[in-house]
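Peer 1: Got a structure for you, questions after.
The values are calculated or read from the model by the stated rules, or taken from the named source; none is laboratory data. What you see is a predicted model; the values in this text were computed from it and never measured. Cβ: placed from backbone, ideal geometry, glycine included. Neighbour counts: every protein chain shown.
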Amino acid sequence: MNDLINWILTEGRLYKNVPDLIHYLGLELQKKTACTRIWLGTKVLHPQATGYTWIWENEEVEESIISYVRYAKLEKIKSPALHLATGLKEFRLNAPDNADMPEVGKMFDRGFVDFFAHSIYFQGQWSGGLTFASKEKFKEEHLDIFRAIVPALSAVVEAHASKLVTSTLLETYLGADAGRRVYLGQVKRGDGQSLRSVVWFSDIRGFTKMSERLPLEELLEVINDAFEEVVTAVENHAGQVLKFIGDGVLAIFPCTNGDAEACNNARAAALQLMSKLETVQIGVGLHLGEVNYGNIGAPQRLDFTVIGSDVNLAARVESQTGKFGKSVLVTPQVAAFGEWESVAKVELKGVAEKVELFSPIEN
């Protein structure tokens, strides 16, 4: 078993993800123990999920994310993982005894005859479990192998779980692209690039009055529902949400494939948003221009965002939506693509010349 532990801590730790690690571990265990199924589950810090699971069977790996809703349902069902979570270090079941665990019972119905489960620990805290199953009876030396490799495997998986948590949280709080950039090392203050994009700025109309009359819990529900619709619309059309500013949202549609595609994507996102809103009104301002995309702030507190006069202009455009009773207003740069109608020429704070504003012609 020492050679297997050494494999985990040397070659195994070089795999870039858990599926690859579990796949090759399964192949190694199959040679030594007749194990033909491995289940690995870990708790993680994730805004939408409570854990990850990986199942190796038939030489393939299936990865799943356990949402909080799904976990709440699983808590009502007796399962190996929850059995281990009660404090058990390990347990073993042989067919047909499934200890009233439906998941194990289904495995026995498929021909498995032996099942062994063991807890895993990250930094001394229970963090999930490993299970091994076979269509042949495990020998005692097989169980010794499973017990022996758990600490080494836990250490390697812990590093992968930590990376998953870090990358997920960065993408959740900074946005998918910005999160990836920070994760990959773009962390120095001043690191950035000039980026041609459609800048999206939106906010909820009448939010101040709403915040005065609604209880906090209801207010949070309204704003979260509104933000969810904004984010969904933007991301459905290749946009990137960068930040929430009070009741406002700042997003960009990079001109990766040209100005026309970015402008059309932004228009489609705005129209999708307007079609989904029911309880609140949101104003959207769009402008096409150059932004500085990168790290700004103080050494001890950085933000990854966009800045520049074109960002400010998008915000100024959005501020006119209520005045003209329009949900979406854009500058001539955006209106050059797609179907728009002129609304008015207006003076905008900080802009030297009047800016003509347009609203979408809906088909």
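Peer 1: Of ARG301, ARG316, which residue is under 33 Å from the mean Cα position of the chain (by Cα) and surrounded by fewer than 18 Cβ atoms within 10 Å (Cβ to Cβ)?
Peer 2: ARG301
Peer 1: Against the definition (modelled with pLDDT under 95, over 14 Å from VAL199 (Cβ atoms) and either surrounded by fewer than 19 Cβ atoms within 10 Å (Cβ to Cβ) or in the same structural domain as GLU218 (by TED's automatic domain parsing) (or both)), how does GLY325 come out, yes or no?
Peer 2: When the stated conditions are applied, GLY325 passes them.
Peer 1: Where residues in the range 328-342 are hydrophobic (A, V, I, L, M, F, W, C) and crowded, with 18+ Cβ neighbours inside 10 Å, which of them is nearest to GLY192 (Cα to Cα)?
Peer 2: VAL334
Peer 1: Further, regarding this structure: Take the range 220-252 and flag every residue that is under 16 Å from ALA262 (Cα atoms) and loosely packed, with under 15 Cβ neighbours inside 10 Å.
Peer 2: Within the range 220-252, just ASN236 meets the criteria.
Peer 1: Mind checking which helices (runs of 4 or more DSSP H) fall wholly inside the range 305-349 and carry at least 2 residues that are acidic (Asp, Glu) and at negative phi?
Peer 2: In the range 305-349, 309-318 are the helices (runs of 4 or more DSSP H) which contain 2 or more residues that are acidic (Asp, Glu) and at negative phi.
Peer 1: Right, next: Taking the range 133-148, which residues are assigned to a loop (DSSP other than H, G, I, E, B) and loosely packed, with under 13 Cβ neighbours inside 10 Å?
Peer 2: Scanning the range 133-148 gives LYS137, LYS139.
Peer 1: Among (1) small (Gly, Ala, Ser); (2) farther than 22 Å from ARG316 by Cα; (3) in contact with a Gly (Cβ under 9 Å, 6 or more places away or on another chain); (4) buried (at least 16 other Cβ atoms within 10 Å of the Cβ), there is one condition ALA260 misses while meeting the rest; what is its number?
Peer 2: Failed condition: (4).
Peer 1: In the range 152-210, how many are closer than 16 Å to VAL234 by Cβ and touching a Cys at 6+ places or on another chain (Cβ under 7 Å)?
Peer 2: Matching residues across the range 152-210 total 2.
Peer 1: Could you grab me the full set of residues in the range 84-107 that are within 17 Å of ILE55 (Cα to Cα) and either surrounded by fewer than 19 Cβ atoms within 10 Å (Cβ to Cβ) or touching a Lys or Arg at 6+ places or on another chain (Cβ under 6 Å) (or both)?
Peer 2: Answer for the range 84-107, where residues must be within 17 Å of ILE55 (Cα to Cα) and either surrounded by fewer than 19 Cβ atoms within 10 Å (Cβ to Cβ) or touching a Lys or Arg at 6+ places or on another chain (Cβ under 6 Å) (or both): PRO102, GLU103, GLY105, LYS106.
Peer 1: A further question follows. Is there a residue being out of contact with any helix residue (DSSP H, G or I) (no Cβ under 6 Å at 6 or more places or on another chain) and surrounded by 14 or more Cβ atoms within 10 Å (Cβ to Cβ) anywhere in the range 6-14?
Peer 2: Yes: the range 6-14 contains one or more residues that are out of contact with any helix residue (DSSP H, G or I) (no Cβ under 6 Å at 6 or more places or on another chain) and surrounded by 14 or more Cβ atoms within 10 Å (Cβ to Cβ).
A quick yes/no check of all residues on (1) touching a helix residue (DSSP H, G or I) at 6+ places or on another chain (Cβ under 6 Å); (2) assigned by TED's automatic domain parsing to the domain that holds VAL222; (3) touching a residue at least 40 places away in the same chain (Cβ under 8 Å):
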site: TYR293; (1), (2), (3): no, yes, yes
site: ASP310; (1), (2), (3): no, yes, yes
site: VAL334; (1), (2), (3): yes, yes, yes
site: VAL346; (1), (2), (3): no, yes, no
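Peer 1: Can you name every residue in the range 244-275 that is touching a residue at least 24 places away in the same chain (Cβ under 8 Å) and out of contact with any Phe, Trp or Tyr (no Cβ under 9 Å at 6 or more places or on another chain)?
Peer 2: Selection gives CYS255, ALA268, LEU271, GLN272, LEU273, MET274.
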